[in-house]
There are 4 protein chains.
Amino acid sequence: MKALVKEQPGKGLTLKEVDIPEPGEEEVLVRIRAAGICGTDVHIYDWDTWSQQRIHPPVITGHELVGEVAALGKSVRHISIGQRVSAEGHIACGQCEFCRTGQAHICRDVEIIGVDRNGCFAEYMSIYAGNLWPVPDAIPDHIASIFDPIGNAMHTVMAEPVAGKSVMITGAGAIGLFAVAIAKSAGASNIIVIEPNAFKRESARKVGAQCTIDPSEKNLNSIVLDHTDGLGPQILLEMSGHPGAIKTGLHLLRNGGCACVLGIPSKPVDNIDWAKDIVFKGITIKAINGRRMYDTWFQSQDFMLREQKAINKLITHRLPFGNFEHGFELLHNGEAIKVVLEMV
Amino acid sequence: MKALVKEQPGKGLTLKEVDIPEPGEEEVLVRIRAAGICGTDVHIYDWDTWSQQRIHPPVITGHELVGEVAALGKSVRHISIGQRVSAEGHIACGQCEFCRTGQAHICRDVEIIGVDRNGCFAEYMSIYAGNLWPVPDAIPDHIASIFDPIGNAMHTVMAEPVAGKSVMITGAGAIGLFAVAIAKSAGASNIIVIEPNAFKRESARKVGAQCTIDPSEKNLNSIVLDHTDGLGPQILLEMSGHPGAIKTGLHLLRNGGCACVLGIPSKPVDNIDWAKDIVFKGITIKAINGRRMYDTWFQSQDFMLREQKAINKLITHRLPFGNFEHGFELLHNGEAIKVVLEMV
Amino acid sequence: MKALVKEQPGKGLTLKEVDIPEPGEEEVLVRIRAAGICGTDVHIYDWDTWSQQRIHPPVITGHELVGEVAALGKSVRHISIGQRVSAEGHIACGQCEFCRTGQAHICRDVEIIGVDRNGCFAEYMSIYAGNLWPVPDAIPDHIASIFDPIGNAMHTVMAEPVAGKSVMITGAGAIGLFAVAIAKSAGASNIIVIEPNAFKRESARKVGAQCTIDPSEKNLNSIVLDHTDGLGPQILLEMSGHPGAIKTGLHLLRNGGCACVLGIPSKPVDNIDWAKDIVFKGITIKAINGRRMYDTWFQSQDFMLREQKAINKLITHRLPFGNFEHGFELLHNGEAIKVVLEMV
Amino acid sequence: MKALVKEQPGKGLTLKEVDIPEPGEEEVLVRIRAAGICGTDVHIYDWDTWSQQRIHPPVITGHELVGEVAALGKSVRHISIGQRVSAEGHIACGQCEFCRTGQAHICRDVEIIGVDRNGCFAEYMSIYAGNLWPVPDAIPDHIASIFDPIGNAMHTVMAEPVAGKSVMITGAGAIGLFAVAIAKSAGASNIIVIEPNAFKRESARKVGAQCTIDPSEKNLNSIVLDHTDGLGPQILLEMSGHPGAIKTGLHLLRNGGCACVLGIPSKPVDNIDWAKDIVFKGITIKAINGRRMYDTWFQSQDFMLREQKAINKLITHRLPFGNFEHGFELLHNGEAIKVVLEMV
């Protein structure tokens, strides 16, 4: 089969022929129909510092997928050949305290497909049956392929009810923009987006942001206060991982507000005004990792069934699998929001 | 009347004669019976950087009190002369969004007695009637005088249920130690205290800590893990404001755990591993300010009625008002936990 | 001034001349601009069993209002003559445990305007200053006059997050219909309404219900299951107080679901299948009374600023004060949703 | 092997020789060491109306157990021969919405051991490996055998934080009494128990109740109010399923209070004052079923490690397996709290 492989340390990915995997006893072989390119995939492509530490080539990349079941491991029940599925890419251990208490998303022994083991940028992938998510017919492939990033956004937005509240989102990459669309759909009264890329700010407005601001804007603070009764937003969704955004976000957050933080800084953060921006304001910070298994998937599916128009605005490119280089380039240059590779 | 006054910038406090205040229309004159010395009072005494910015002499200090009602402003109802009372020292505006939604503890226009206006280190104090808390007879004066710091501890402990959970408390000053006693009373299964002062560590054990550790201990991390099934504590109560304690606390906190943070660092904090110690672990941080008005007071009163033995272990000194210098000295040297000045 | 008075036991209300009230020390005189007629007012007009026990004539009725401040009691601050205001009609005691813990809506010594004391169906009304709600210019009088019932609906819908969930609403009177519009605005994925009156079912569809059902429909249960993945709705908003609706609602509610119950049955309810419809399903029931002071008011104001189109669909009649008889008649006959009387 | 079998419709159970079961592919064979007798087992013994509808003889009864792993199905990993284990007796489907969202305790396709399939009153039992709970050495067999009923009590008590609150418990059978001990350990400030059996009331006082009342007591309401500041308990734990207890409990519950209801009435309940006892008071009702998998088990284990003294007071009888008739008789007569049968 064809697969997109990180063959060895260094930049780039190679499209090459490899063996179709054999599903283990509790696994399922999925014929991939479409796969989204994640920012993480771009990091792996670029071979940044994080990738150099985490990735052990050779590995097939990719973790956002839709496909159909092609073969079953011998212990697998409740799944049938031909079924259309997406899949949770975090393979949790199932045994630890977190897995046994409905918190598999913070399992300490998690492995991630396309990172720690072979992923979905391939014609076939084998995956633990319990991680499959059957996809309703009403959700087309290109949308179903991105349950994973929509799930990240959903997990973040749903961590604190937004209905009737002012929401500030720092970082309008694909996940930040899905968060805009989800917050809008979930009744946020006001959505402010902080994002340096003009194309992404424009996308934010298309899916529901009332106000978008370039972080280099000098009057950023007063613009945000003007849009939030002078008190700051009630909810911060931190999707960038940028130290400046984290600090600006906490600083502007309203007393008693809630910051849901998903973005990952690449190194420790300095100069956090813990006293004034956190303690005295009595805020809550909720850290978000992955997707709740499988609460988030039910929520994402509901969103996909109701809001395809918004989602389609954010899937800016659908490319044949072979054109993957173009997809990575667009994302690298900030010229695409979500790129989906189509295998069939 | 006699009052303990910060007369001018610089170290020390002066016990001097001043006029008895006249209660305003909605105020009550309280004859002070006893008053606790807070760490904040020690800062004001010492005239540290914070005090230099916040305090505008002359001001009567002190904000932890019990007394009896001596006179009523003309609009005051529901209070009677002679009633024994403590009082919430945060004078909230009553008009802002926070005050109007049960969050007066994070009022943006709050004034604090003994800091922003005259306080309780005096024979009489005038205070807004709505801030009074009637004290049941079963609570003696020296205990009733410290509703305020017990309330800080209570607010922090009650922010996240501790019953059956492992709790780590960083910082065993008076509030940290009350937090130990409250967490014990609230069913924490395991209480670990990190504190450099040996006397305070010993006090922590007396009121319920199973394990106390000096932060200079090399094997601190492994000791904590040994006491928490190798996973770290489920709850962190950060009472120190020390940057190292904040970072150690977040680092050791279990995946999915909750950090309730009350301690106030004196300057911004550097080198927080936002990705590994916060985001990936999916933790929650709840920032705590003051006392909930007046949920926390009901909870503190219940605690005072049931756990006087533990509280008495932490009120290490009861001194006549005139001996205030000795009280400040003991606290300054870390030789006392809670010092109560007795006016009558 | 003119006022609509329940003069004595028996049917009807009398429009008559009475003295303009004198505001007490902490009260404000409001010149009423518009007032909504509530179902409760219809009960008082009709002199039903409840009214006979609760109402002590003579009393001026009415509790949904907007007006402008005409005079101030001598202790009143923070309010100015001419200010446009609505008002919370529950006059809470301010002293009880509930009032002191942000739960004034369940104060045990509450008095309600237009029920226990004079109300707003008059040219002027005097009310405790703390109960006033300043109204932004962008909200017109006829909408501002119904903060109270919109608040009831808001309190009910906000008691449990509806975003992305299936919601069933039993009872589509004015409050039930506002609940439809609010649930829609708050991101409910699916709204099912059970209501016998065809006009009200049609109104429900106009403001966001996907499915409306007459409770006499034989296949009611299977229709609801068909609309909810065979599992029943995740949330029940019980707005009718009808015993059959309560039981049908609990019976259909999904395992683990939440029922928010506002409707008031006129007598005790028989034949509740406590084991099967409540315990085994692991549901939660949240009982709703009044409006949270003043969280609900902030939420309702935000809704009024954003969703006037939906609200206008439900204010079916705006009548001059003098035409009040017509308003009561329309409501009595189920031919109106919300009727607003206009005084100016 | 020996097993206690409901052989056919009618009263009684038969101790007889049957084949040792063969573990299925994902199952484990457990050699039973001890097993608790539940009220449900007494119902099955007595062949009451519920049993007649639910039980399909022949079936081996019993669902509270501790044992050691004797053999493994061929797909089982993570479990080893000889391991000491208890087991969750609800065999959830693993596929439904509830199972996939951490709510397996309300799975719609659940089967219960000893009820719907063979149970643990036997020398061996085969059970799905995922349901096993490894038991720490520090918990002795007779305590480990009752994870199930302690878990019911734990699930109920933990549904709403009790620390510092007044708690009323209606029904002091074994589960109600474990709830007393757990509430005490979790910091309840005041525990009131309503129970007709004097022996059980005495047991309640032994494990932490401050006040116990016979429901036939004329002044019951005023006694409860006297113990709860005249406002009623803040939390109700309804463990009896008795219609009178449900109604008295709701009636006495404080405004804004929370009722956690586990008790199962044998038929629908009449005459619930939905308006006055539920809606107007703004209470919350949380229905409890089974044990959360496996949050409740972690909590129960922690409780067993810390509070064996209290638990031992409630395990009133430990009998050899062969003496089972005596155990059922004691329970039938209300002369025992918890009876444990010992197989080894």
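The values are calculated or read from the model by the stated rules, or taken from the named source; none is laboratory data. Remember, predicted model here, so these are calculated numbers, not experimental data. In this analysis, Cβ positions are derived from the backbone assuming ideal geometry, glycine residues included, and neighbour counts consider all displayed protein chains.
I need the full set of residues from the stretch A:1-41 which are of a type outside the set (D, E, K, R) and either surrounded by fewer than 18 Cβ atoms within 10 Å (Cβ to Cβ) or at positive phi (or both), in order please.
Selection gives A:Met1, A:Gln8, A:Pro9, A:Gly10, A:Gly12, A:Thr14, A:Leu15, A:Val18, A:Ile20, A:Gly24, A:Gly39.
Have a look at B:Ala138, B:Ala183 and point out the one that is in the same structural domain as B:Ala245 (by TED's automatic domain parsing) and out of contact with any Phe, Trp or Tyr (no Cβ under 9 Å at 6 or more places or on another chain).
So the residue among B:Ala138, B:Ala183 that is in the same structural domain as B:Ala245 (by TED's automatic domain parsing) and out of contact with any Phe, Trp or Tyr (no Cβ under 9 Å at 6 or more places or on another chain) is B:Ala183.
Residue by residue, here is whether (1) closer than 30 Å to D:Ala87 by Cα; (2) in a helix (DSSP H, G or I); (3) modelled with pLDDT of 95 or more holds:
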position	(1), (2), (3)
A:Ser75	yes, no, no
A:Ile79	yes, no, yes
A:Gln95	yes, no, yes
A:Val115	no, no, yes
A:Cys120	no, no, yes
A:Ser126	no, no, yes
A:Gly130	yes, yes, yes
A:Asp148	no, yes, yes
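Is it fair to say D:Ile143 is assigned by TED's automatic domain parsing to the domain that holds D:Glu25 and not in a helix (DSSP H, G or I)?
Here the answer is no, as D:Ile143 does not meet what is asked.
Could you check the stretch D:281-302 and list, in sequence order, the residues that are of a type in the set (A, V, I, L, M), over 15 Å from the mean Cα position of the chain (by Cα) and more than 8 Å from chain C (Cβ to nearest Cβ)?
Within the stretch D:281-302, none qualify.
Could you tell me whether any residue of the stretch B:157-172 is within 25 Å of B:Pro265 (Cα to Cα), touching a residue at least 24 places away in the same chain (Cβ under 8 Å) and in contact with a Lys or Arg (Cβ under 6 Å, 6 or more places away or on another chain)?
Yes, the stretch B:157-172 contains at least one residue that is within 25 Å of B:Pro265 (Cα to Cα), touching a residue at least 24 places away in the same chain (Cβ under 8 Å) and in contact with a Lys or Arg (Cβ under 6 Å, 6 or more places away or on another chain).
Identify, please: which residue in the stretch A:235-256 is more than 10 Å from every other protein chain (Cβ to nearest Cβ) and not hydrophobic (A, V, I, L, M, F, W, C) and is, among those, surrounded by the most Cβ atoms within 10 Å (Cβ to Cβ)?
This residue is A:Gly249.
B:Ser266 passes all but one of (1) closer than 30 Å to D:Val162 by Cα; (2) more than 7 Å from chain A (Cβ to nearest Cβ); (3) out of contact with any Pro (no Cβ under 8 Å at 6 or more places or on another chain); which number fails?
For B:Ser266, the failing item is (1).
Report yes if some residue within the stretch D:322-333 is crowded, with 19+ Cβ neighbours inside 10 Å, under 30 Å from A:Gln95 (Cβ atoms) and in contact with a helix residue (DSSP H, G or I) (Cβ under 8 Å, 6 or more places away or on another chain); otherwise report no.
no
What are the residues in the stretch B:94-109 that are away from chain C (no Cβ under 14 Å) and among the small types (Gly, Ala, Ser), if any?
Listed by number, the list is empty, since nothing qualifies.
What are the residues in the stretch D:186-222 that are within 30 Å of B:Asn190 (Cα to Cα) and of a type in the set (A, V, I, L, M), if any?
Within the stretch D:186-222, D:Ala186, D:Ala188, D:Ile191, D:Ile192, D:Val193, D:Ala204, D:Val207, D:Ala209 meet the criteria.
If D:Ile223 satisfies every condition in (1) buried (at least 21 other Cβ atoms within 10 Å of the Cβ); (2) β-branched (Val, Ile, Thr); (3) outside the structural domain of D:Ala87 (by TED's automatic domain parsing) but one, which is the exception?
(1)
Which is away from chain A (no Cβ under 14 Å), within 17 Å of D:Gly67 (Cα to Cα) and out of contact with any Ser or Thr (no Cβ under 7 Å at 6 or more places or on another chain), of D:Asn131, D:Asn152, D:Asn118?
Answer to the selection: D:Asn118.
Filter the stretch A:156-182 down to the residues that are part of a helix (DSSP H, G or I) and within 9 Å of chain C (Cβ to nearest Cβ), then identify the one that is farthest from A:Ala310 (Cα to Cα).
Among those residues, the one meeting the criterion is A:Met158.
Could you tell me which of the residues C:Ile79, C:Ile91, C:Ile112 is within 14 Å of another protein chain (Cβ to nearest Cβ), closer than 30 Å to C:Pro9 by Cα and in contact (Cβ under 8 Å) with a residue 12 or more places away in the chain?
Matching residue, one of C:Ile79, C:Ile91, C:Ile112: C:Ile112.
Conditions: (1) assigned to a strand (DSSP E or B); (2) free of Cβ contacts under 8 Å to residues at least 12 places away in the same chain; (3) among the polar types (S, T, N, Q). C:Ser86 meets all but one. Number of the miss?
(2)
Looking at the stretch A:190-199, which of the residues that are out of contact with any Pro (no Cβ under 9 Å at 6 or more places or on another chain) and surrounded by fewer than 20 Cβ atoms within 10 Å (Cβ to Cβ) is nearest to the other protein chains (Cβ to nearest Cβ)?
Among them, the one singled out is A:Asn197.
Kindly provide the set of residues from the stretch D:1-26 that are of a type in the set (Gly, Ala, Ser) and either outside the structural domain of D:Leu65 (by TED's automatic domain parsing) or not in a loop (DSSP other than H, G, I, E, B) (or both), ordered by number.
Hit for the stretch D:1-26 is D:Ala3, nothing else.
Going by the conditions given, is B:Asp46 charged (D, E, K, R) and farther than 26 Å from B:Ile315 by Cβ?
When the stated conditions are applied, B:Asp46 does not pass them.
Under 6 Å by Cβ, and 6 or more places apart or on different chains, what pairs join a residue from the stretch C:196-220 that is at positive phi and in a helix (DSSP H, G or I) with one that is modelled with pLDDT under 95 and surrounded by fewer than 20 Cβ atoms within 10 Å (Cβ to Cβ)?
Listed by first residue and then by second, the contacts come to nothing, as the list is empty.
Can you confirm whether the stretch B:146-159 contains a residue that is more than 30 Å from A:Ile283 (Cβ to Cβ), in contact with a helix residue (DSSP H, G or I) (Cβ under 9 Å, 6 or more places away or on another chain) and buried (at least 21 other Cβ atoms within 10 Å of the Cβ)?
Taking every residue of the stretch B:146-159 in turn, none turns out to be more than 30 Å from A:Ile283 (Cβ to Cβ), in contact with a helix residue (DSSP H, G or I) (Cβ under 9 Å, 6 or more places away or on another chain) and buried (at least 21 other Cβ atoms within 10 Å of the Cβ).
Yes/no per residue for (1) over 19 Å from D:Asp273 (Cβ atoms); (2) not hydrophobic (A, V, I, L, M, F, W, C); (3) not assigned by TED's automatic domain parsing to the domain that holds C:Ser145:
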{"position": "C:Asn255", "(1), (2), (3)": "yes, yes, yes"}
{"position": "C:Pro265", "(1), (2), (3)": "no, yes, yes"}
{"position": "C:Asp273", "(1), (2), (3)": "no, yes, yes"}
{"position": "C:Gly282", "(1), (2), (3)": "yes, yes, yes"}
{"position": "C:Leu314", "(1), (2), (3)": "yes, no, no"}
{"position": "C:Gly327", "(1), (2), (3)": "yes, yes, no"}
{"position": "C:Leu330", "(1), (2), (3)": "yes, no, no"}
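Consider the stretch B:120-147. How many of its residues are under 23 Å from B:Ile20 (Cα atoms) and free of Cβ contacts under 8 Å to residues at least 60 places away in the same chain?
2
For B:Met304, are the conditions met, namely being among the aliphatic types (A, V, I, L, M) and out of contact with any His (no Cβ under 9 Å at 6 or more places or on another chain)?
Yes; evaluated as a whole, the condition is true for this residue.
What's the number of the condition B:Arg108 fails, among (1) modelled with pLDDT under 95; (2) among the basic types (Lys, Arg); (3) not in a loop (DSSP other than H, G, I, E, B)?
(3)
With the requirement that a residue be more than 14 Å from D:Asp141 (Cβ to Cβ), among the hydroxyl-bearing types (Ser, Thr, Tyr) and crowded, with 24+ Cβ neighbours inside 10 Å, what does the stretch D:55-88 give you?
Passing the criteria: only D:Thr61.
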